[in-house]
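The values are calculated or read from the model by the stated rules, or taken from the named source; none is laboratory data. Just so we're clear, the structure is a prediction, and the values are computed from it rather than from any experiment. All Cβ positions, glycine included, derive from the backbone under ideal geometry; neighbour counts span all protein chains shown. Each accessible area value is taken on the protein alone, full model and side chains, heavy atoms only, with ligands, DNA and RNA left out. Shrake-Rupley method; radii C 1.70, N 1.55, O 1.52, S 1.80 Å.
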Amino acid sequence: MRCLVVLTVAVVLLASGCSVARDLSATYCPSGRRLLPQGAADYFDFVQVGGTTYHAGTGGTGPALREGDLGAQVAVVRCKLADHMVEDPDKRYLDGDAAYLDEGTALYAVRGYRPSFRLGARRDRELVLFEAVENPRARTWGDLLDLGGKVRWIGVNDDHSRPLAAIRDRRQVARLVALLLGSRVGKQTACADDGVFLAFHLDDATATTWSYSVHFRRLDCRDPLPQAFGAAIRAALR
C-alpha cells in the first residue's frame, strides 16, 4: 500500500500515546546502507517513527493543519530517502526515515490525537499531516486509529472520492466505530478491490479515509470486520 538512523527512543510508549523520550541530536543517513542514485525510485510520502509508518494526505478533506494544532516535538527526520535512495527490496525502513521531508525536520504530535495516530511536520512553508498506516505493535484497529468519540459521520465513496452513501445517525456511527476499533487489525494481504472507500469524518472537520472491500468486509485488506459492520455498510449503499 502505503535515511534516518534509529531514534534512541522509548518507542514502546508511542503506541499508547504517551510522551516519548528521544534523542533529537545528529541528523544523518546511517552508513552501511546501500544507496542508489537520486531519482532511482519513487516513494509514498511517508515517515517512520517508533516502528510505525505514517503516510501524508490520507485525510483528503478538511482544513489544513495550523500552527496551533501542533503539540510537543516527538522526533526528527534523520534521512531523506528521495535524496539517497536506499536499496532494499523489502523496504525495511529505519526510525527517522522519510520520503520527502528534509533531514532535520521536526515531527510533532497533533493536538487532540495520540502521536501513534497523527503527526505534523513543516515542509516548504506548509504544515503536513501524517497518519499511521502500519504499526507492528497494533493488535486491534483501536491501537492504530485514534477515533473513539471523534467520528461525526461515515461516508462511503468511490475511488474518485465521489460520495456513494453516508451514515449520519450518531448512535449508529458510534456503534460502527466501536465495532471497528475493537476488531483485530491483522496484516495487509491481497484482497478484492471494490473501489470503495470509507471516510471517517471527525469532529474537527478532518477525515481519515481507508479502502474497504464490501464483499469481504476488509478495511485496507486487513482481517474481516464483524458481520454487523459489513451489513450496515451494505445497507447504506442500498
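Tell me the residue from 231, 199, 236 that is closer than 30 Å to residue 69 by Cα, at pLDDT 95 or above and out of contact with any helix residue (DSSP H, G or I) (no Cβ under 8 Å at 6 or more places or on another chain), please. Walk me through it before giving the result.
On the way: 231 fails: closer than 30 Å to residue 69 by Cα; 236 fails: closer than 30 Å to residue 69 by Cα.
The match here is 199.
Against the definition (surrounded by fewer than 19 Cβ atoms within 10 Å (Cβ to Cβ) and within 15 Å of residue 181 (Cα to Cα)), how does residue 228 come out, yes or no?
Yes.
Test residue 133 against the criterion of being surrounded by 15 or more Cβ atoms within 10 Å (Cβ to Cβ), over 19 Å from residue 232 (Cβ atoms) and of a type in the set (Val, Ile, Thr), and give yes or no.
Yes; evaluated as a whole, the condition is true for this residue.
Can you name the residue in region 62-96 that is open to solvent by less than 70 Å² (accessible area, probe 1.4 Å), at pLDDT below 80 and assigned to a loop (DSSP other than H, G, I, E, B) and is also farthest from residue 136 (Cα to Cα) among such residues?
Across region 62-96, the extreme among qualifying residues is 62.
So residue 198 clears everything in (1) farther than 17 Å from residue 213 by Cα; (2) not in a loop (DSSP other than H, G, I, E, B) except one condition, right? Which one?
With respect to (1) farther than 17 Å from residue 213 by Cα; (2) not in a loop (DSSP other than H, G, I, E, B), residue 198 is out only on (1).
So which pairs qualify, if the first residue must be in region 171-185 and within 15 Å of residue 198 (Cα to Cα), the second must be exposed (fewer than 14 other Cβ atoms within 10 Å of the Cβ), the Cβ gap must be under 7 Å, and the two must be at least 6 apart or on different chains?
Going by the 7 Å Cβ cut-off, the qualifying pairs are 177/148; 179/228; 181/148.
List pairs: first residue in region 206-235 and on the phi < 0 side of the Ramachandran plot, second residue open to solvent by 10 Å² or more (accessible area, probe 1.4 Å) and among the basic types (Lys, Arg) anywhere in the structure, Cβ distance under 6 angstrom, at least six positions apart or on different chains.
If the second residue must be open to solvent by 10 Å² or more (accessible area, probe 1.4 Å) and among the basic types (Lys, Arg), the pairs left are 223/184; 224/217; 224/218; 225/217; 230/217.
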